[in-house]
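The values are calculated or read from the model by the stated rules, or taken from the named source; none is laboratory data. Because the structure is predicted, anything quoted here is derived from the model rather than measured. Cβ coordinates were reconstructed from backbone atoms using ideal geometry, including for glycine residues, and neighbour counts include every protein chain displayed.
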Ligand code: HEM
Ligand code: HEM
């Protein structure tokens, strides 16, 4: 009797172990949130104020984007920091002017920041980052739309375009405030290449 | 007075083009110096819209003028000596050349400086070159030297016109006037 019971029990244990290991195989392996960092050499952050309705194309030479996606690959966190003093409008006279107090006031506000934890996506997979933009001491809610594409090389590309109202940040004050010559709307567009930052376990 | 030039007379089209250009150039030179002297401000930008618009207008008038000149005749020079004819011809062609070099160098300065141009606040003029700081300096130098040459040649030109009118008392000035 004892022997029989033992045999049955051990059979059950085996069964349990087998089922458990099978179940284990069905559960996907654990994943982690991935963070991405911009490759400054390969990335571009452009801006274009308008003069009499025509664009003056410029860019920021120094900026960094850190983007985090969660286990499901959904956007979780986006933070962008821009060295305002690296703004280049392709003309030394303009570059001096925009660094001054009436425009970016770089001595007091050398950095601009965008940070976002709230995202929506549309049917085409376009992501909308509803975050906060901080320039020249002003913080404003701003939505940055972008497309996100993984490359076969393991990098990812983030692209988008938006319009900002320079008067919301008091960029171009006094005689420039009206927007008559230098328009109030400034186009901003970016093409950022990002590399995954290996998760440190 | 007909529209066409004859061997004796300037037609009205040539006269209008000459005097309209002359008027704009006389505005253009002080305007250029004034606009350049201003600090960067809305006023400076407006002054440059005028300067660039009028300057490109000179260029347009020049093109019409040269086409008209090639298609028709021009009155014979009333200068006595061959040397004088030669000098006056050289001066006229130099003036024509400057009326091309000034607007084109100005256009290059603006484009190389990454500043878009809207003529008379209405017509966008496309960039002729991409942003380029060193090209901008070269074009600005050329523009400046051209201004100096223009002023010198104009002194000669106006002096010669006055000499014909007051000293030689010939028809040169009268046939260019209305
Ligand atoms: C008060 C100012 C000026 C006076 C009195 C004046 C007078 C004259 C006269 C009398 C002629 C006719 C010459 C002839 O028939 O042989 C002439 C021709 C000419 N003028 Fe002027 N001019 C003046 C300003 C200018 C200006 C500002 C320009 C351009 C920058 C200019 C460019 C020319 C040219 C290119 C011709 C030659 C036309 C041709 O042969 O195709 N003039 N000018
Ligand atoms: C008949 C034609 C023109 C004349 C007589 C003229 C004359 C002048 C003068 C006297 C100046 C100031 C002194 C100097 O820097 O040389 C100047 C500057 C200037 N002109 Fe013109 N100009 C003409 C056409 C144009 C055009 C068509 C443009 C642009 C589309 C232009 C753009 C400029 C600019 C940008 C400057 C400032 C130069 C600098 O920053 O150094 N000009 N011009």
Failed condition for residue A:180, given (1) farther than 30 Å from residue A:71 by Cα; (2) at pLDDT 95 or above: (2)
Filter result for the condition that a residue is buried (at least 17 other Cβ atoms within 10 Å of the Cβ) and within 14 Å of ligand 2 (Cβ to nearest atom), over B:151, B:147, B:138: B:147
Only one of B:71, B:52 that is touching a strand residue (DSSP E or B) at 6+ places or on another chain (Cβ under 6 Å), more than 10 Å from ligand 1 (Cβ to nearest atom) and closer than 30 Å to residue B:123 by Cα: B:52
Hey, residue B:95 within 14 Å of another protein chain (Cβ to nearest Cβ), modelled with pLDDT of 95 or more and within 21 Å of the chain's Cα centre (by Cα) or not: no
In the stretch B:124-137, residue nearest to the other protein chains (Cβ to nearest Cβ) [restricted to those that are under 14 Å from residue A:55 (Cα atoms) and without any contact (Cβ under 8 Å) to a residue 40 or more places away in the chain]: B:131
Residues (surrounded by 14 or more Cβ atoms within 10 Å (Cβ to Cβ) and in contact with a helix residue (DSSP H, G or I) (Cβ under 7 Å, 6 or more places away or on another chain)) located in the stretch A:116-162: A:135, A:136
Hits in the stretch B:139-167 (condition: within 12 Å of ligand 1 (Cβ to nearest atom) and either in contact (Cβ under 8 Å) with a residue 12 or more places away in the chain or not in a helix (DSSP H, G or I) (or both)): B:146, B:147, B:149, B:150, B:151, B:153, B:154, B:156, B:157, B:160, B:161, B:164
Top-ranked residue of the stretch B:98-120 - restricted to ones that are in contact with a helix residue (DSSP H, G or I) (Cβ under 7 Å, 6 or more places away or on another chain), near ligand 2 (Cβ under 8 Å from one of its atoms) and within 14 Å of chain A (Cβ to nearest Cβ), ranked as nearest to residue B:54 (Cα to Cα): B:117
Selection count, the stretch A:52-95, where residues are away from chain B (no Cβ under 11 Å), part of a loop (DSSP other than H, G, I, E, B) and touching a helix residue (DSSP H, G or I) at 6+ places or on another chain (Cβ under 9 Å): 2
Residue count for the stretch B:89-107, restricted to those that are more than 13 Å from residue B:144 (Cα to Cα) and more than 10 Å from ligand 1 (Cβ to nearest atom): 3
